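As structure tokens, the structure follows; a few thoughts come after it.
The values are calculated or read from the model by the stated rules, or taken from the named source; none is laboratory data. Note that the coordinates shown come from a computational prediction; the quantities given were computed from them, not determined experimentally. Here the Cβ positions follow ideal geometry from the backbone for every residue, glycine too, while neighbour counts run over all protein chains shown. In case anyone asks, the SASA skips ligands and DNA or RNA and just uses the protein heavy atoms, side chains included. Shrake-Rupley method; radii C 1.70, N 1.55, O 1.52, S 1.80 Å.
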Amino acid sequence: MNRVYHPIYLLSVLFFLFACQETERPKTDFGFEFQPLQVGLFWQYAVEETIVFGENDQESSTYQLRDKIEYTFRNAEGDEVFVVNRDKSTDGTNWTAVTTYGIQRTNQALLRTFENKKQIPLVFPPRLEKTWDAEIYNADESDEFEVVFVGNLSLNGRNYQEVVRVLQEEEDDEITFRDNRYEVFARGVGLVEHYYEVHTYCSRNDCLGKKLLDSGRKTHMKLSAYGKL
């Protein structure tokens with residue numbers, strides 16, 4: 001027996017099937033929220049820094065940095081670039097402009113252009129043991145970064161439920177140089193910690209192997225406040 005179905009019935013069936021397919025195949029979570037990008041967002045950091053000028057000659061200081069997204073523009077490739085102003089303060093009240101840099105998402109990667117140098121500090125989605133060449137935009141360099149931790153973190157009295165720790169370098173030959181660098185990103189917040197320690201050791205015969213710092217810098221940034229202005 002041939003049956004004739006009403007058009008409304010057929011449309012209902014098609015809608016049901018489409019809805020089921022959407023439920024079975026949810027949108028992929030790329031983890032873009034590990035670095036939110038929106039005009040007006042700011043991040044303030046407490047910074048401890050030590051600069052080594054030579055043997056037994058170093059200077060330590062504490063200060064604050066504040067990064068704020070001021071505006072956006074489209075580059076030649078059509079990507080939206082977020083322009084960040086960085087200010088510095090020693091008392092948290094009076095701020096002085098330090099520099100301006102750009103940050104954007106392109107090809108499932110976070111691209112940061114700082115002091116005319118492009119670097120990829122994070123890729124999406126960020127997964128444990130994921131590696132990439134952070135200097136791929138610099139033809140004469142190569143530097144492999146790796147996600148070494150995914151989980152919870154307590155920092156500066158704040159508890160972050162989901163963070164990724166990106167190891168940039170961890171090497172110390174105890175004779176000529178030390179290079180330890182990493183960054184931590186929290187979902188819904190962005191960069192919460194930055195650690196940079198690059199030094200050279202004295203290499204004269206009378207101090208070789210004694211780990212006497214000859215030059216370099218150690219900078220440790222920890223997020224103290226964030227939000228939107």
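Results, tabulated for the structure shown:
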{"read-out": "In region 77-98, the residues that are in contact (Cβ under 8 Å) with a residue 12 or more places away in the chain, part of a strand (DSSP E or B), open to solvent by 40 Å² or more (accessible area, probe 1.4 Å) and of a type outside the set (D, E, K, R)", "value": "ASN85, ALA97, VAL98"}
{"read-out": "Hey, ASN180 of a type in the set (S, T, N, Q), open to solvent by 20 Å² or more (accessible area, probe 1.4 Å) and not in a loop (DSSP other than H, G, I, E, B) or not", "value": "yes"}
{"read-out": "Of the criteria (1) in contact with a Phe, Trp or Tyr (Cβ under 6 Å, 6 or more places away or on another chain); (2) of a type outside the set (Ser, Thr, Tyr); (3) within 28 Å of GLU197 (Cβ to Cβ), which one GLN108 fails", "value": "(3)"}
{"read-out": "Residues of region 104-152 satisfying the condition of being surrounded by 12 or more Cβ atoms within 10 Å (Cβ to Cβ), free of Cβ contacts under 8 Å to residues at least 60 places away in the same chain and within 22 Å of ASP67 (Cα to Cα)", "value": "THR106, ALA109, LEU111, ARG112, THR113, PHE114, LYS117, LYS118, GLN119, ILE120, VAL123, ALA134"}
{"read-out": "Leading residue by the ranking (modelled with the lowest pLDDT) among those in region 23-69 that are closer than 23 Å to PRO126 by Cβ, outside any strand (DSSP E or B) and acidic (Asp, Glu)", "value": "ASP29"}
{"read-out": "Flag for LEU167 being touching a residue at least 24 places away in the same chain (Cβ under 8 Å) and at negative phi", "value": "no"}
{"read-out": "Single condition TYR160 does not satisfy, out of (1) open to solvent by 20 Å² or more (accessible area, probe 1.4 Å); (2) part of a strand (DSSP E or B)", "value": "(1)"}
{"read-out": "Near pairs, Cβ below 9 angstrom, 6+ apart or cross-chain, from region 186-204 (touching a residue at least 12 places away in the same chain (Cβ under 8 Å) and among the charged types (D, E, K, R)) to any residue that is in a loop (DSSP other than H, G, I, E, B) and open to solvent by 20 Å² or more (accessible area, probe 1.4 Å)", "value": "GLU193/ASN156"}
{"read-out": "Some residue of region 188-196 being crowded, with 19+ Cβ neighbours inside 10 Å, among the β-branched types (Val, Ile, Thr) and not in a strand (DSSP E or B)", "value": "yes"}
